[in-house]
Amino acid sequence: MPGLILLGASIYATVGTLFGAGFVLRGVERVDPAALGAPWTFRILILPGVIALWPLMAWRWWCAPRTRGAA
Amino acid sequence: MSVGYVSVQWNRHKRIYDACVAGGIVLYLGVFFAAGKALYTGRNAISGEILAMRALATCAFLMLNVILCIGPLARLDRRFLPLLYNRRHLGVATFLVALAHAAIAIGFYHGFGNVNPFVALLTSNTNFTSLSAFPYQTLGLFALLILFLMAATSHDFWLKNLGAPAWKRLHMLVYIAYGLLVMHVALGILQTQRSPWLASLVGVGVVIVATLHLIAGQRERRHDERGSQLSPRAGEEWVDVGAVDDIADQRGSTVTVGAGERIALFRYNGCVSATTNVCAHQGGPLGEGKIIDGCITCPWHGWQYRPADGRSPPPFAEKIHTYRVRVVGRRIQVDPTPLPPGTAVEPARVEEVQSA
């Protein structure tokens, strides 16, 4: 059972890390226009939270208007 | 305030605050380590790893106690407000210290076998029904996960994108983390220590945290009870909420009308204005703030709003509810129906009393 919990946690964290890398590079500006042109240090700071809450942020990215952040 | 995100909104106060936190941690760890080496020698000598583990553990627990005391202390005495200003950095520092403790503990106790250290942590002790042999490390692991979640979502980006109520609820998990850590420490002491002084210190910390919360909570309740007696007379929309002279110039005051939300009153430049007491940032008590540069300034993190329309000065875009207000004689009267955020309201003029 602990092995299964750890496997689940590892998969969740791996998917979260891959998603998080894409989110902080591209998605964050679509979800929140205030992040347009934000420095890389800001993107690194929010990355652990994105990894932890990636299903929520994936949903927010999916729902974000397509035109946002295009400027 | 939200225009564009930066990694950390540094200012002089925050730099001093963070330097004090970092210096305090280094000093504490250094003194703990030196004292441990000096006091326990020969057959009683403690290894460097265990000493580091204990130093980091006690440091993190002490920091968490301080964090939990800051809120009620700031409500009871305004002089503690500067500690509240940068509490999030203190929280992140606490997580990092706790993480260092956990890394050494897992490596030291579970890192030398064939089994994954995390699997070993969860499986090496399953005496969940025994108090004297309870796997207290598991409690620490869950507390660390909560502290991580809080540290990871401490940036204003999360406050805005999760929404203030959800963000606040998430960060209230600190009380669950504290409960888990109290049990983690208490059971750890019970199982590994014979000396009563460490357990006593933990008890004193818990009593201080609980007492401060009770006193602050009781004061807030009394304030709201007084307010619940205020309500408009039948057929009238205005409520008398106090005297102009009860509010110092360029300062605020808080009233509760009926069962409604708290209203903040501000006296400035011969005028009185009324807004919600809840800051749009983290729900800080605006009425306990003051007028700086013509703006209501939240005592928690310095967010600002113009008193006449509840809008942050450009380029910021935050808005809060305003209320209609008038002054009759020297009494302030408020219409307790909140207006939409950012609604301009003519400030009530106060005829200043000429001193002889």
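One table, with the values for the structure above:
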read-out	value
Given (1) within 13 Å of chain B (Cβ to nearest Cβ); (2) within 16 Å of B:Tyr5 (Cβ to Cβ), index of the condition A:Leu56 fails	(2)
Search result, residues across segment B:265-280 that are assigned to a strand (DSSP E or B) and either touching an Asp or Glu at 6+ places or on another chain (Cβ under 8 Å) or of a type outside the set (A, V, I, L, M) (or both)	B:Phe266, B:Arg267, B:Tyr268, B:Cys271, B:Ser273, B:Thr275, B:Thr276, B:Val278
Any hit, segment A:42-52, residues being open to solvent by 50 Å² or more (accessible area, probe 1.4 Å), under 13 Å from the mean Cα position of the chain (by Cα) and more than 9 Å from chain B (Cβ to nearest Cβ)	no
Residue match in segment B:75-97 (condition: within 14 Å of another protein chain (Cβ to nearest Cβ), on the phi > 0 side of the Ramachandran plot and either open to solvent by less than 30 Å² (accessible area, probe 1.4 Å) or modelled with pLDDT of 85 or more (or both))	no
Counted residues, segment B:255-268 - those being within 17 Å of B:Arg330 (Cα to Cα) and either among the basic types (Lys, Arg) or surrounded by fewer than 18 Cβ atoms within 10 Å (Cβ to Cβ) (or both)	1
Residue tally, condition away from chain A (no Cβ under 14 Å) and in contact (Cβ under 8 Å) with a residue 60 or more places away in the chain, over segment B:1-50	7
Failed criterion for B:Ser273 (all others in (1) open to solvent by less than 50 Å² (accessible area, probe 1.4 Å); (2) farther than 15 Å from B:Gly310 by Cα hold)	(2)
Residues satisfying the stated conditions in segment B:110-149, i.e. open to solvent by less than 80 Å² (accessible area, probe 1.4 Å), aliphatic (A, V, I, L, M) and more than 10 Å from chain A (Cβ to nearest Cβ)	B:Ala133, B:Leu139, B:Leu141, B:Ala143, B:Leu144, B:Ile146, B:Leu147
Answer residue from segment B:150-181, given it is among the β-branched types (Val, Ile, Thr) and away from chain A (no Cβ under 14 Å) and is least open to solvent (accessible area, probe 1.4 Å) among those	B:Val174
Qualifying positions in segment B:1-42 - of a type in the set (A, V, I, L, M), loosely packed, with under 13 Cβ neighbours inside 10 Å and touching a Pro at 6+ places or on another chain (Cβ under 9 Å)	B:Val3
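The values are calculated or read from the model by the stated rules, or taken from the named source; none is laboratory data. Being a predicted model, the structure only gives us computed values, none of them experimental. FYI the Cβ positions are ideal-geometry reconstructions off the backbone, even for glycines, and counts take in every protein chain you see. In case anyone asks, the SASA skips ligands and DNA or RNA and just uses the protein heavy atoms, side chains included. Shrake-Rupley method; radii C 1.70, N 1.55, O 1.52, S 1.80 Å.
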